[in-house]
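Structure first, commentary second.
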Amino acid sequence: MLIVHVHVHVKPELVEDFRQATIENARASVQEPGIARFDVAQEQDDATRFVLIEVYRTQDAVAAHKETAHYAKWRDAVAPMMAEPRQSVKYNPVFPDAQGW
């Protein structure tokens, strides 16, 4: 298992457009066999900040996700919406561990 948090800061006037594009991407992403979970969270105190929480079954699933048409569509659509480049942080599961998922 691999967990990725993608931190995104969106331009204020494009928050709703970003939400819609990201929800569309998330709906398609959870259909991928290599994705165990794909959450989209919006910060309560700053609506321009989001975190995508992506849980992959294998490292290969990350690469497979980036090859999908829905990811490419999302990536290209949201790039101009960002107030700064998105950043990702990768995590290893501790609890439950990979065998417990």
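Key figures for this structure:
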| quantity | calculated |
| --- | --- |
| From the options 62, 15, 78, residue that is under 16 Å from residue 5 (Cα atoms) and either surrounded by 12 or more Cβ atoms within 10 Å (Cβ to Cβ) or in contact (Cβ under 8 Å) with a residue 12 or more places away in the chain (or both) | 62 |
| Residue 22 hydroxyl-bearing (Ser, Thr, Tyr) and over 12 Å from the mean Cα position of the chain (by Cα) | no |
| Residue match in the stretch 25-38 (condition: within 20 Å of residue 95 (Cα to Cα) and among the β-branched types (Val, Ile, Thr)) | yes |
| Enumerated helices (runs of 4 or more DSSP H) restricted to the stretch 2-91, each holding at least 2 residues that are modelled with pLDDT of 95 or more and touching a Lys or Arg at 6+ places or on another chain (Cβ under 7 Å) | none |
| Residue check, residue 96 exposed (fewer than 10 other Cβ atoms within 10 Å of the Cβ), over 14 Å from the mean Cα position of the chain (by Cα) and not in a loop (DSSP other than H, G, I, E, B) | no |
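The values are calculated or read from the model by the stated rules, or taken from the named source; none is laboratory data. Because the structure is predicted, anything quoted here is derived from the model rather than measured. All Cβ positions, glycine included, derive from the backbone under ideal geometry; neighbour counts span all protein chains shown.
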